[in-house]
Amino acid sequence: MIRRLVGVALLVVGGLLLFGALQGAWEREIWRGNAVEVDGLVLPPEAGIKLAQTIPALAAAKTVVRLGYVRSVYAGLETGFATTPQPGDRVAVLMDPQQQNQAVLNDPLAIWGDQLVAGVVALVLALAGLVMMRGRPGRVVTAGGATAAIAAVLRQVAAKQAGADSSARASAARTASAATAAVKPARPVFASVVQRHRDGIVTVQRSSPTVTRTVERPTGVGPILILAVIVVALAVYLVMAA
């Protein structure tokens, strides 16, 4: 994350610096279109020092040139990143009519040197920011490496599954032990065995679960009633027949 944040910062700084370099180059191009090209003679350093005593604007100039032939004009020469001419050389310079004490060597490195350097630095910063934002490239995995990685993953899954199974078995064993300890031995229950007869109910006390059953035993009441009904019916029939 920090790497990407630094990359974003470098990209932003590079973009701003590049924008400033382009704007400065455009302004220098406008200045070049309005400047006047003249020939100049490079003066020796000691001559420039003497002129600086009378012309304060030349005090900071490292190279002084004399412009014109009839009416001499002295100006400080700006060379930028171009090769500095030697004393006595005739050079072509660009001069702003409103600032005759300043001249620029008619060379691309002298006119746009600062903007070129700023643009190069901006591009380097922007490229560095892009590289840092992309992060580390992914590693190339070969067939053998992929097989080994898959096998390692399978072993890890098997180990986790075995651990889960052993944990489940231990948990089940603990649960069974707790349930066994919680269950108390049951006391014998004295229940009743109920026997039902046609003419009554007989209850027998036994030490067993309650069982209810009906025992049908024939008694003498039924057959006697049937026989009496038959006899009465036969007597009625005989009386009616007589």
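The values are calculated or read from the model by the stated rules, or taken from the named source; none is laboratory data. Everything numeric here is computed off the predicted structure, so don't read it as measured data. Cβ sites come from the backbone with ideal geometry, for glycine too, and all protein chains shown count toward neighbours.
Being without any contact (Cβ under 8 Å) to a residue 40 or more places away in the chain and assigned by TED's automatic domain parsing to the domain that holds Ala92, is that true of even one residue in the stretch 32-39? Break it down into steps so the answer makes sense when it comes.
Looking only at the stretch 32-39, we keep the residues that are without any contact (Cβ under 8 Å) to a residue 40 or more places away in the chain, and these are 33.
Subsequent filtering for residues that are assigned by TED's automatic domain parsing to the domain that holds Ala92 retains 33.
The answer is yes, given that some residue of the stretch 32-39 is without any contact (Cβ under 8 Å) to a residue 40 or more places away in the chain and assigned by TED's automatic domain parsing to the domain that holds Ala92.
If you check Ala57, Ala103, Ala92, which single one turns out to be touching a residue at least 24 places away in the same chain (Cβ under 8 Å), assigned to a helix (DSSP H, G or I), in the same structural domain as Ala25 (by TED's automatic domain parsing) and touching a strand residue (DSSP E or B) at 6+ places or on another chain (Cβ under 8 Å)?
After applying the criteria, what remains is Ala57.
Quick one: is Val64 touching a Leu at 6+ places or on another chain (Cβ under 8 Å), free of Cβ contacts under 8 Å to residues at least 24 places away in the same chain and either hydrophobic (A, V, I, L, M, F, W, C) or not assigned by TED's automatic domain parsing to the domain that holds Ala9 (or both)? Lay out the reasoning, then the answer.
Working: touching a Leu at 6+ places or on another chain (Cβ under 8 Å): yes; free of Cβ contacts under 8 Å to residues at least 24 places away in the same chain: yes; either hydrophobic (A, V, I, L, M, F, W, C) or not assigned by TED's automatic domain parsing to the domain that holds Ala9 (or both): yes.
Answer is yes for this residue.
Write out, first by first residue and then by second, each pair whose Cβ atoms fall under 6 Å of each other, whose residues are 6+ apart or on separate chains, and whose first residue, in the stretch 75-88, is assigned by TED's automatic domain parsing to the domain that holds Val64 while the second is assigned to a loop (DSSP other than H, G, I, E, B).
Hits for this filter: Gly76/Ala61; Leu77/Thr63; Ala82/Asp107; Pro87/Pro44.
Taking the stretch 39-67, which residues are β-branched (Val, Ile, Thr) and surrounded by fewer than 19 Cβ atoms within 10 Å (Cβ to Cβ)? Step through it out loud before you land on a result.
At the first step, the residues of the stretch 39-67 found to be β-branched (Val, Ile, Thr) are 42, 49, 54-55, 63-65.
Scanning the stretch 39-67 gives Ile49, Thr54, Ile55.
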